[in-house]
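The values are calculated or read from the model by the stated rules, or taken from the named source; none is laboratory data. Note that the structure is a prediction, hence the values are computed from the model and not measured. Note: ideal-geometry Cβ built from the backbone for every residue, glycine included; neighbour counts use all protein chains shown. Quick note on the areas: whole protein, heavy atoms, side chains included, nothing else; ligands and nucleic acids left out. Shrake-Rupley method; radii C 1.70, N 1.55, O 1.52, S 1.80 Å.
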Amino acid sequence: MAVRSTLGGLTATLRSQADNTFQFVLWATFGSAAIHLINIKQAYKERNRILDTRISVLRNLIERVGRGDPHVDIAKELRTGEQRGEDDWEAVIQGIERKLSQREEQSRRVLDEAAAPESVNMRSWWRASLWST
C-alpha cells in the first residue's frame, strides 16, 4: 500500500507540473504578443503625432508665405539643407501619400459596393416566376 500512495503522489505531482508548464508557456506566449502589440500601437501613435506636427508646421509656413510675410526663411524652417531634415520631410511626404492612398482605396471600395448589383435570391426569383405564369 505504501508503494501505491507514493506512485499516486508522484503521478499527481508530475501532472501538476505539466499543468503549470503548460500555463507558463501560454502566459509567456500571449503575454509576449500583448506586449509586442502595445509597443506597435505606441510606435504608430508616435509616428502619427510626429507626422501631424510636421504637417502643421508646413501649413503654418504656407499661410505665412501666402500672407506675404517677408521674414520667412523656408530653407531654415524646413531644414532642407540638412540630411536629417530632408529625411524627416521625406517621411512626412510618404506618410501623407500613404494616408491618401488608404482614403482612395476606402472610397473606391465604398463606390464598388454601391455600384454592385444586389444579389438575387434564386429561390425567390424562381417562385415569383412560377406564380406569375
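Values for this structure:
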item: Ordering of 87-95, 70-78 by burial proxy (mean other Cβ atoms within 10 Å per residue, highest first); result: 87-95, 70-78
item: Å² of accessible area per residue within segment 29-77, as computed with a 1.4 Å probe and no ligands counted; result: 83
